[in-house]
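Heads up: the structure comes next, in structure tokens.
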Amino acid sequence: MSIHDQPLIRIKRLNKWYGDLHVLRDIDLDVQEQEVVVIIGASGSGKSTLLRCINHLERAQKGTITFDGKPIRTSEKVINRFRQEMGMVFQHFNLFPHMSVIGNIMEGPVHVKHMPKHEARELAIHLLDKVGLGDKTDTYPSMLSGGQKQRVAIARALAMEPRVMLFDEPTSALDPELVGEVIKVMEDLGREGMTMVVVTHEMWFAREAAHRVVYMDEGSILEEGTPEQMFSSPENERTKTFLRQILPQEEAPVGA
């Protein structure tokens, strides 16, 4: 995969508060086109808030975010245009229960992008095949497993033909035996060159699929590097402590 010089997303000195709680502290982060960046860290470290700021579901009080060289300003019209370039998949699937699977996927292209229904249907069928659910077009969400629902949610995000996909703990609400089927779809997307920013506790996904791993703690980025660097020889003591707690003993970094 080629990683281009010009970052698709550039975040500079981003700060976010909830009242007196300083949840993001001077975040600097570039994401290159076709790069898979995995953000790790303990719960409450600011990972999900950072993703939501990238997509402007949350507004940071200080700092800038640019997308493809253009600043994302606070005009709702401009933000909505940028959001169409960013697919987002959450912990919970948020599917419309009264719509079939294919209806859920067609909704955005038809009503936001004004795509003709026959084109949206063809796209939805293609995406359902892509996520391994080609036989579920007319099924309703209540009849699906958690892993199937999350794969539909990924297909729904892809239907908007985004340039980047943001994943916020996409497997954390799933039973352990269903995690693999969602991770496989994400790995396939990364291999195909989709730009991805992923917040996850699945360290094996970070190790296998990431170009770069970013460790956050208490609202700051403490360390980043290739998966090999981060998992084998991290430099920051807090990174070492975190990995020692979350990895099996035989996989923990030396000296952790």
Which of the residues spanning segment 1-54 are free of Cβ contacts under 8 Å to residues at least 40 places away in the same chain, under 16 Å from Arg212 (Cα atoms) and open to solvent by 70 Å² or more (accessible area, probe 1.4 Å)?
His4, Asp5
Restricted to segment 188-214, and to residues that are assigned to a helix (DSSP H, G or I) and closer than 17 Å to Leu127 by Cα, which residue is most open to solvent (accessible area, probe 1.4 Å)?
Arg191
Given the criterion outside any strand (DSSP E or B), closer than 15 Å to Val89 by Cβ, in contact with a Ser or Thr (Cβ under 6 Å, 6 or more places away or on another chain) and of a type outside the set (Phe, Trp, Tyr), identify the matching residue among Val185, Val179, Val152.
Val179
Please specify each residue of segment 114-137 satisfying the condition of being open to solvent by less than 40 Å² (accessible area, probe 1.4 Å) and assigned to a loop (DSSP other than H, G, I, E, B).
Met115, Val131, Leu133, Gly134, Thr137
Which condition does His111 not pass, out of (1) closer than 15 Å to Ile9 by Cβ; (2) of a type outside the set (Asp, Glu); (3) surrounded by fewer than 19 Cβ atoms within 10 Å (Cβ to Cβ), if it passes all the others?
(1)
Out of (1) within 29 Å of Ala173 (Cα to Cα); (2) open to solvent by 20 Å² or more (accessible area, probe 1.4 Å), what's the single condition that is false for Ile102?
(2)
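The values are calculated or read from the model by the stated rules, or taken from the named source; none is laboratory data. As the structure is a computational prediction, the values presented were derived from the model and not from experiment. Positions of Cβ are generated from backbone atoms using ideal geometry, with glycine treated the same way; all protein chains shown enter the neighbour counts. Surface accessibility is based on the protein's heavy atoms, side chains included, excluding ligands, DNA and RNA. Shrake-Rupley method; radii C 1.70, N 1.55, O 1.52, S 1.80 Å.
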